[in-house]
1. For the chain, what does -39500 (n - 2.57) per DSSP helix run (n ≥ 4), summed and divided by total residues, give at 222 nm, in deg cm²/dmol to the nearest 500?
2. Quick one: putting +1 on the C-beta of Lys and Arg, -1 on the C-beta of Asp and Glu, what dipole do you get for the stretch 2-82 around its Cα centre, in Debye to the nearest 20?
3. Determine the gain in length on full extension of the stretch residue 21-residue 83; use 0.36 nm per residue of separation and subtract their C-alpha separation, reporting nm with one decimal.
4. Pairs of alpha-carbon atoms within less than 8 angstrom and 6+ residues apart define the contacts here; what relative contact order does the chain have, in percent?
5. If you work out Rg/Rh (Cα atoms, Kirkwood Rh) from the coordinates, which of (1) 0.93; (2) 0.98; (3) 1.11 do you get?
Amino acid sequence: MGCIYLLQVEGTTQVKIGYSENVAVRVRTLRTANPLPLRILREIQSPAARALDQTLRQRYVRYHIHGDWFDFPPDILQQLLEEHFD
């Protein structure tokens with residue numbers, strides 16, 4: 001079982017789509033390396049988390065800015081936050 005997480009740079013529309021087996025440890029590492037405050041928007045537990053991670057990256061490629069980071073319009077981000085994943 002893994003977890004997809006959505007992590008936002010506070011005060012921006014920039015969101016990281018990431019995969020981890022331990023989100024708390026991963027976010028702690030990212031917060032240490034980032035000068036701006038980060039907040040977890042959502043965690044999605046799934047036995048197919050790696051595949052879901054790739055699906056989301058492909059689906060939102062038009063919003064990709066760098067690495068694992070995306071710049072979502074508010075309506076698209078809201079859809080992602082509310083979407084149900086099996």
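1. -10500 deg cm²/dmol
2. Once rounded to the nearest 20, the dipole reads 180 debye.
3. The span from residue 21 to residue 83 would gain 20.2 nm if fully extended.
4. 37
5. After the calculation, the listed value that fits is (1).
A short reminder: the numbers here are calculations on the coordinates, not readings from a lab. Just so you know, these numbers come straight off a predicted model, no measurement behind them. Methodologically, a virtual Cβ is constructed for each residue, glycine included, from the backbone with ideal geometry; neighbour enumeration extends over all protein chains shown.
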